[in-house]
Amino acid sequence: MFAEENGLRGDPRLQAISEAIRVVPHFPKPGIMFQDITTLLLDHKAFKDTVDIFVDRYRDMDISVVAGVEARGFMFGPSIALAIGAKFVPLRKPRKLPEYGTDCLEMHVGAVQPGERALVIDDLVATGGTLSAAIRLLERVGAEVVECACVIGLPENKGERRLNGKPLYILVEPRELCC
Amino acid sequence: MSACKDEDPRISNIKTRIRVVPNFPKSGIMFQDITTLLLDPKAFKDTVDLFVERYKGKNISVVAGIEARGFIFGPPIALAIGAKFVPLRKPRKLPGEVISEEYVLEYGTDCLEMHIGAVEPGDCALVVDDLIATGGTLCAAMKLLERVGAEVVECACVIELPDLKGRERLNGKPLYILVESH
């Protein structure tokens, strides 16, 4: 589900957020139009608006865990966690954490308790493979994943597309390369 | 300088939330794990607040965070003080044109990169990471910023390992830390 399908149609913040994202062609390999959010982070107002939109959505959903996917999920997740009073849990690529997991993503044992309500955050959802792994990690320790949130998502995520049965919430579509 | 001396009452709780993991990533290293700090919303908020209180209103236009744990603390600080956030990353992660700065590790070298155009001449910058050990990474970060004409105002870390004397590798730039670990 895109933000504009859920109450934010015409919200000028969304257009500014979209325009702050830079497209880098053929990165990391030919044919990929990479959606670079680092330019969004340079635009204080647009970055703040990005966080605020997520915070407004999640502050009353009783979320106790924000899980951010390394590394770009770390750029958005902590600010959201701080604003809604949740803990932040980094989901890391293998061997970065002192205790190993058994997935392509790792999470500390004990970081999340059974019954906790969790939000997963990353900068972009494409196939959904990474987010699916994140959902599985959280569910394995007994948490309930409430939603996955991304700044950017492919248009096929419009409507009620779910990942492992969990809803997706996305702010903007990928940008085209201009001129 | 550290916040320890006239110790702010928030510091002792922050310190207790940092977990020490022995022999990680290798034998003999006492790893300072800040992920447990992030599990305590009040302690995490206090950590960010201590930095924000120090830097708000000081005309800092850039907060540069070092991959990856600097990405956890840097953006909330940047947002609160009205600065842009610039990630300093390991090689080949940033998609656009970059400048690179090599630095020495215990065995071999590593490299830190920054996007060209992210930081402009005259920008006043704060460098953020979770921890300073030998100071090598922070030193590389400062060089990247200075190469594009920014002024590094200070380096800010949650934890310092003072026995490794990283402070001395900062070319006289000030360091602000919350917690020392010996």
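The values are calculated or read from the model by the stated rules, or taken from the named source; none is laboratory data. Here the structure is a predicted model, which means the values were calculated and not measured. Ideal geometry is used to build each Cβ from the backbone, glycine not excepted, and the neighbour counts take in all protein chains shown.
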Task: Which numbered condition B:Ala133 misses (of (1) within 14 Å of the chain's Cα centre (by Cα); (2) modelled with pLDDT of 95 or more; (3) not polar (S, T, N, Q)) - done: (2)
Task: Residue within region A:83-102 that is out of contact with any strand residue (DSSP E or B) (no Cβ under 7 Å at 6 or more places or on another chain) and in a helix (DSSP H, G or I) present - done: yes
Open item on the list: For the list (1) among the small types (Gly, Ala, Ser); (2) under 16 Å from the mean Cα position of the chain (by Cα); (3) over 21 Å from A:Ala71 (Cα atoms); (4) within 11 Å of chain A (Cβ to nearest Cβ), I need the number of the one condition that B:Gly82 fails.
Closed with: (2)
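I'm trying to understand the selection: among the residues of region B:143-165, which are in a helix (DSSP H, G or I) and buried (at least 23 other Cβ atoms within 10 Å of the Cβ)?
Filtering region B:143-165 down to residues in a helix (DSSP H, G or I) leaves B:143-147, B:162-164.
Listed by number, the residues that qualify are B:Leu144, B:Leu145.
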Task: Residue satisfying all of: in region A:30-48; farther than 20 Å from A:Asp122 by Cβ and more than 9 Å from every other protein chain (Cβ to nearest Cβ); modelled with the lowest pLDDT among these - done: A:Gly31
- [ ] Residues being touching a strand residue (DSSP E or B) at 6+ places or on another chain (Cβ under 7 Å) and surrounded by fewer than 16 Cβ atoms within 10 Å (Cβ to Cβ): count how many of those fall in region B:32-53.
- [x] 0
Task: Given (1) buried (at least 17 other Cβ atoms within 10 Å of the Cβ); (2) at pLDDT 95 or above; (3) touching a helix residue (DSSP H, G or I) at 6+ places or on another chain (Cβ under 9 Å), index of the condition A:Leu105 fails - done: (2)
Open item on the list: Test of understanding: among A:Arg57, A:Arg22, which residue is over 18 Å from A:Ala126 (Cβ atoms) and either more than 10 Å from chain B (Cβ to nearest Cβ) or surrounded by 17 or more Cβ atoms within 10 Å (Cβ to Cβ) (or both)?
Closed with: A:Arg57
TODO: Filter region A:108-140 down to residues that are modelled with pLDDT under 90 and either within 14 Å of chain B (Cβ to nearest Cβ) or part of a loop (DSSP other than H, G, I, E, B) (or both) and give me whichever is farthest from A:Phe54 (Cα to Cα).
DONE: A:Thr127
Open item on the list: Take the conditions in contact with a Leu (Cβ under 8 Å, 6 or more places away or on another chain), in contact (Cβ under 8 Å) with a residue 12 or more places away in the chain, assigned to a loop (DSSP other than H, G, I, E, B) and closer than 20 Å to B:Phe71 by Cα and apply them to B:Ala125. Does it pass?
Closed with: no
